[in-house]
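Below is one structure; the comments refer to it alone.
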Amino acid sequence: MNFIHFVVEQDLGSVESRCSFKELTTIGCGGEIECTYFPKDIPSLQKAYNYIKLHNLRYFVLGNGSNVLASDHFYPGIVICLKRLPYSYEKKENTIVVSAFYPTIHLAYDLAKEELGDLSFLGGIPGLLGGAVYNNSGAYQDNIANHIIEVKYIDTAGNIQTIPKELCAFGYRSSIFHYIEGIIIEVTLEIERIATKEKLDKRKKQRQLTQPLEAKSMGSIFKNNPLIPSWKIVDALHLRGFKIGDAAVSAKHTNFIINLGNATSNDILSLIHLIETRSRLELGIILSSEITIL
Ligand SMILES: Cc1cc2nc3c(=O)[nH]c(=O)nc-3n(C[C@H](O)[C@H](O)[C@H](O)COP(=O)(O)OP(=O)(O)OC[C@H]3O[C@@H](n4cnc5c(N)ncnc54)[C@H](O)[C@@H]3O)c2cc1C
């Protein structure tokens, strides 16, 4: 693949040809990938992305893979994997400028150490900040959009663009990045001085009690509707613990599907479709998933 030669020649990072989505996602499912690209830094990512777009190559942007279910089939393209990129944050007066590659759990704890801002809702979300912006991740009635001032991303020409929060079209588990192509690289967040360590520790215990954190999963599968939380819908269908192959509805939290060991993406998808169909036919409720299915 010429892309591999380009990356090596220009020293833009590393490429691997034997990775699979199984290793790169928290659910541990999915097929092999033709080429996985790990950028060295942002200028390298700009050049590589520009090359990919100019040559019309198939690609997918992956953060920590905690919200992605990829097909079991071979992926004939490039996965741009952001999780080895360096990350940091810079404090300004009432804001912090944070790399989009910052793991969100670390960010919540690192800021709590300095008593900066209340991002405690991120304390149990195992993604990178860019992934949180993409989906407007949230918990405990808070979400990342509430804290954002602006977002920087690389556009399809390889240039860096800045968009203010008002143009990010944030919604429930959604943002403008569902509709435009680009790679989020930096996020400016509003902060105040606030102590959150205690809140983080309390929520960590709460998550450990209520979520199957010991198992491979993608977190919640279905978006909640305003009338009834999705876990109650799955429970009403008596699907707690129900299995297809090695994919199971978690007994601890029915909006989580877990991989018991050797689940395929097909097993997981079949379970998702079964829940969606039964919810529609038996309860008249249309569920929609919050994960990216590739
Ligand atoms: C145990 C567990 C608990 C969870 N709890 C929650 C929760 O409470 N609330 C919640 O909202 N989510 C939760 N999640 C889901 C998930 O962690 C979040 O959606 C997270 O923000 C995804 O980030 P990621 O880096 O893993 O993104 P990925 O899964 O790698 O990618 C998700 C999507 O974002 C896109 N994307 C990722 N990074 C970028 C980027 N830099 N630029 C452009 N596009 C990008 C990808 O192309 C993909 O479409 C949970 C998951 C697990 C496994």
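Remarks
- Pairs where the first residue, in region 125-137, is in the same structural domain as residue 168 (by TED's automatic domain parsing) and under 14 Å from residue 185 (Cβ atoms) and the second is assigned to a loop (DSSP other than H, G, I, E, B) and more than 6 Å from the ligand (Cβ to nearest atom), C-beta under 7 Å, 6+ apart: 128/83; 128/101; 128/102; 129/102; 130/101; 133/175; 134/175
- For region 113-142, taking the residues that are of a type in the set (A, V, I, L, M) and more than 15 Å from the chain's Cα centre (by Cα), the one that is farthest from the ligand (Cβ to nearest atom) is identified as 116.
- With respect to the conditions (1) near the ligand (Cβ under 8 Å from one of its atoms); (2) free of Cβ contacts under 8 Å to residues at least 40 places away in the same chain, residue 110 falls short on a single one, namely (1).
- Selection within region 143-176: residues that are of a type in the set (Gly, Ala, Ser) and over 18 Å from the mean Cα position of the chain (by Cα). The member of this set that is surrounded by the fewest Cβ atoms within 10 Å (Cβ to Cβ) is 157.
For (1) surrounded by 20 or more Cβ atoms within 10 Å (Cβ to Cβ); (2) modelled with pLDDT of 95 or more; (3) in a loop (DSSP other than H, G, I, E, B); (4) in contact with a Leu (Cβ under 8 Å, 6 or more places away or on another chain), each residue gets a yes or a no:
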| position | (1), (2), (3), (4) |
| --- | --- |
| 43 | no, yes, no, no |
| 50 | no, yes, no, no |
| 60 | no, yes, no, yes |
| 64 | yes, yes, yes, yes |
| 71 | no, yes, yes, yes |
| 76 | no, yes, no, no |
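- Residues of region 208-233 that are surrounded by 16 or more Cβ atoms within 10 Å (Cβ to Cβ), within 15 Å of the ligand (Cβ to nearest atom) and outside any loop (DSSP other than H, G, I, E, B): 216, 220, 222, 230, 231.
- Hits in region 31-89 - residues which are among the β-branched types (Val, Ile, Thr) and within 20 Å of residue 9 (Cα to Cα): 36, 42, 52, 78, 79, 80
The values are calculated or read from the model by the stated rules, or taken from the named source; none is laboratory data. Computed from a predicted structure; not experimentally measured. Note that each Cβ is placed from the backbone with ideal geometry, even for glycine, and that neighbours are counted across all protein chains shown.
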